[in-house]
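The values are calculated or read from the model by the stated rules, or taken from the named source; none is laboratory data. What you see is a predicted model, and the numbers here were worked out from it, not measured in a lab. When we count neighbours, we look across all protein chains shown, and the Cβ atoms used for this are built from the backbone with ideal geometry, even at glycine.
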Amino acid sequence: MSGIMTQGILPRVVSDKTGYGVAVDIGTTTIAAYLYDMGANKRLAVESRMNAQSRYGADVISRIQYCGEHKKGLQTLRQAVISELNDMIRTMCGLAEIPEDDIIYGVVTGNTTMLHLLSGLSPESMGVLPFKPLSVFGNTVPMAGLGLHAAKGAMCYLPPCMSAFVGGDISCALLPAGFLEGQDICLLMDIGTNGELVLGNKDFVYSTSTAAGPAFEGAHITCGMAGVKGAVNRVYEEDGQLKTEVVGNTGANGICGSGLLDAIAVLRRNAVIDETGRITEVHKEWQRMFEGQEAVQITDKVFLTQQDIREVQMAKAAIVAGIRALLKSAKLTCTDVKKVFLAGGFGNYMDQQSAREIGLLPSGFTEVIGLGNAAGSGAIMTLLNDCYRNEMQGFCRRARHIELGHNPYFMEKYMEEMYF
């Protein structure tokens, strides 16, 4: 977890193309890119970066607002990501010792806002009711039109989105698990600031998104940070003491999402916090005042405050209430779901037992599978063979999106799921 996740489950793919191509996953926080010799079905290079747009806003909503509040906001954000992508392409081609103008095809995926910004489309309509995007993509455009370095006439596919907040990255993420190929009912979860959920099998598809907040990405947490060197990524109790593991085996500078999840589970297990999330009088030796708040001391430098615990409660409640609302819409229960797939970095690194203990994974879920960077894997599959493009187009057309904003059942379950 010391860097940006680029690895994911990639099934065997028979390529129907020749020449060089690039697959890119533009995440809100990070970007992963892959250079392929498509005819040989061989990865030549991989490159990952922090998304340069982050300096203008940490999340999708803040970037939508940036476009509305600044006269050249859209152009600024678009140029930031294009410059980053071209530098990544240049670096990968240098490693593979091929010229950039040998690239003849690309697939660029991302959430709906990231695809709008790349394409030069304003995302402002997604920031206000009824949250309608200008495009749901699923189209092929010239790479030159996107400002990307490639051969003259090179084309780029932008995967389809299911809604304003269930984007092309989720469409791609469904591919590597064979999510929609059989009768078994499956659930895909991408747990981030915007928790994206897809339920279905070969016969039906339901999707939704829920505003979970950035707690599991280390943001809005007093000592929170990304899962990079110096981040506490595991917390456990041993002989009455809190113990930790730190990314890079160095001193702890903060705590990332997986460590945060473990910490909450350990504190709940040891009755340091009660079911309402309140810090109790138990294990007072673990507790300190920190910045005027009651807190639990994880390491010399890392504290978990009462407010941090509330942030986790709200994130967990939003995700699980979203799951329950999606299941209710499909007239299903947790036990009907045969497999749960976790996409993205947090889902890949989180301890599933900790997630179950705090209620992030409901008890009815039995088989839970981490996919790693599923969006990147799906983009690679689509780069190599057009059959996956057709598959995505099909399930996006028949997907039914469930809006949670004014859903009374969601709000009822949200309140219930606040408890640990």
Residues (within 19 Å of GLN79 (Cβ to Cβ) and either outside any strand (DSSP E or B) or polar (S, T, N, Q) (or both)) located in region 23-38: GLY27, THR28, THR29, THR30
Any pair with Cβ under 8 angstrom, 6 or more apart, that starts in region 36-59 at a residue that is on the phi > 0 side of the Ramachandran plot and ends at one that is part of a loop (DSSP other than H, G, I, E, B): ASN41/VAL13; ASN41/VAL14; ASN41/SER15
Selection count, region 70-80, where residues are part of a helix (DSSP H, G or I) and either of a type in the set (Lys, Arg) or more than 21 Å from GLY145 (Cβ to Cβ) (or both): 1
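Take the residues in region 132-145 that are assigned to a loop (DSSP other than H, G, I, E, B) and touching a helix residue (DSSP H, G or I) at 6+ places or on another chain (Cβ under 8 Å); name whichever of them is surrounded by the most Cβ atoms within 10 Å (Cβ to Cβ). Show your work before the answer.
Filtering region 132-145 down to residues assigned to a loop (DSSP other than H, G, I, E, B) leaves 132-138, 143.
Applying the additional criterion that residues be touching a helix residue (DSSP H, G or I) at 6+ places or on another chain (Cβ under 8 Å) yields 132-138.
Values: LYS132: 11, PRO133: 19, LEU134: 14, SER135: 14, VAL136: 21, PHE137: 25, GLY138: 17.
Filtering first and then ranking leaves PHE137.
Name the one entry in LEU85, LEU95, LEU74 that is over 30 Å from GLY259 (Cβ atoms), of a type outside the set (Ser, Thr, Tyr) and crowded, with 23+ Cβ neighbours inside 10 Å.
Numbers: LEU95 fails: crowded, with 23+ Cβ neighbours inside 10 Å; LEU74 fails: crowded, with 23+ Cβ neighbours inside 10 Å.
From the options LEU85, LEU95, LEU74, the qualifying one is LEU85.
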ALA177 being aliphatic (A, V, I, L, M) and within 17 Å of GLU403 (Cβ to Cβ): no
Options ARG55, ARG63: the member that is surrounded by fewer than 21 Cβ atoms within 10 Å (Cβ to Cβ) and either among the basic types (Lys, Arg) or under 17 Å from GLY94 (Cβ atoms) (or both): ARG55
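Under the condition of being more than 17 Å from PHE204 (Cβ to Cβ) and either among the β-branched types (Val, Ile, Thr) or over 12 Å from the mean Cα position of the chain (by Cα) (or both), which residue from region 173-183 is surrounded by the fewest Cβ atoms within 10 Å (Cβ to Cβ)?
First pass over region 173-183, keeping only residues more than 17 Å from PHE204 (Cβ to Cβ): 173, 175-176.
Adding the requirement that they be either among the β-branched types (Val, Ile, Thr) or over 12 Å from the mean Cα position of the chain (by Cα) (or both) leaves 175-176.
On the way: LEU175: 28, PRO176: 25.
The selected residue is PRO176.
Among the residues in region 146-168, are any assigned to a helix (DSSP H, G or I), of a type outside the set (Ser, Thr, Tyr), more than 15 Å from the chain's Cα centre (by Cα) and more than 17 Å from ILE323 (Cβ to Cβ)? Can you show your working first?
Residues of region 146-168 assigned to a helix (DSSP H, G or I): 146, 168.
Keeping just the survivors that are of a type outside the set (Ser, Thr, Tyr) gives 146, 168.
Filter once more, keeping what is more than 15 Å from the chain's Cα centre (by Cα): 146.
If we keep only those that are more than 17 Å from ILE323 (Cβ to Cβ) too, we end up with 146.
Yes: one or more hits.
Checking the condition farther than 27 Å from HIS406 by Cα, under 21 Å from the mean Cα position of the chain (by Cα) and charged (D, E, K, R), which residue from LYS301, LYS339 passes?
Details: LYS301 fails: under 21 Å from the mean Cα position of the chain (by Cα).
Residue meeting the stated conditions: LYS339.
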Within region 276-295, tally of residues that are in contact (Cβ under 8 Å) with a residue 24 or more places away in the chain and charged (D, E, K, R): 2
Conditions (1) β-branched (Val, Ile, Thr); (2) closer than 30 Å to LEU360 by Cα; (3) part of a strand (DSSP E or B): number failed by ILE104: (2)
Filtered residues of region 324-379 (kept if in a helix (DSSP H, G or I), surrounded by fewer than 24 Cβ atoms within 10 Å (Cβ to Cβ) and not hydrophobic (A, V, I, L, M, F, W, C)): ARG324, LYS328, SER329, THR335, ASP336, ASN348, TYR349, GLN352, GLN353, ARG356, GLU357
Sole residue being part of a helix (DSSP H, G or I) and among the polar types (S, T, N, Q), chosen from SER54, SER122: SER54
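Check SER15, SER83 and return the single one that is touching a residue at least 24 places away in the same chain (Cβ under 8 Å), in a loop (DSSP other than H, G, I, E, B) and either among the hydroxyl-bearing types (Ser, Thr, Tyr) or on the phi > 0 side of the Ramachandran plot (or both). Walk me through how you get there before you give the answer.
On the way: SER83 fails: in a loop (DSSP other than H, G, I, E, B).
Checking each option against the conditions leaves just SER15.
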All positions within region 169-185 that are in a loop (DSSP other than H, G, I, E, B), in contact with a Leu (Cβ under 9 Å, 6 or more places away or on another chain) and not small (Gly, Ala, Ser): LEU174, PRO176, PHE179, LEU180, ILE185
Residue among CYS93, CYS67 that alone is assigned to a helix (DSSP H, G or I) and within 30 Å of PRO123 (Cα to Cα): CYS67
The one condition in (1) touching a residue at least 60 places away in the same chain (Cβ under 8 Å); (2) closer than 29 Å to ALA177 by Cβ; (3) touching a strand residue (DSSP E or B) at 6+ places or on another chain (Cβ under 6 Å) that PHE346 fails to fulfil: (3)
Matching residues in region 143-163 - criterion: being farther than 18 Å from MET114 by Cα and in contact (Cβ under 8 Å) with a residue 60 or more places away in the chain: HIS149, ALA150
Pair list, Cβ under 6 Å, 6 or more apart: region 324-338 residue of a type in the set (Val, Ile, Thr), other residue modelled with pLDDT of 95 or more: VAL337/ILE185; VAL337/LEU187
Meets criteria (modelled with pLDDT under 95, more than 17 Å from the chain's Cα centre (by Cα) and either farther than 30 Å from VAL108 by Cβ or among the hydrophobic types (A, V, I, L, M, F, W, C) (or both)) for ASN390: no
Matching residues in region 184-208 - criterion: being surrounded by fewer than 20 Cβ atoms within 10 Å (Cβ to Cβ) and either in contact (Cβ under 8 Å) with a residue 60 or more places away in the chain or over 16 Å from GLY394 (Cβ atoms) (or both): ASP184, ILE185, PHE204
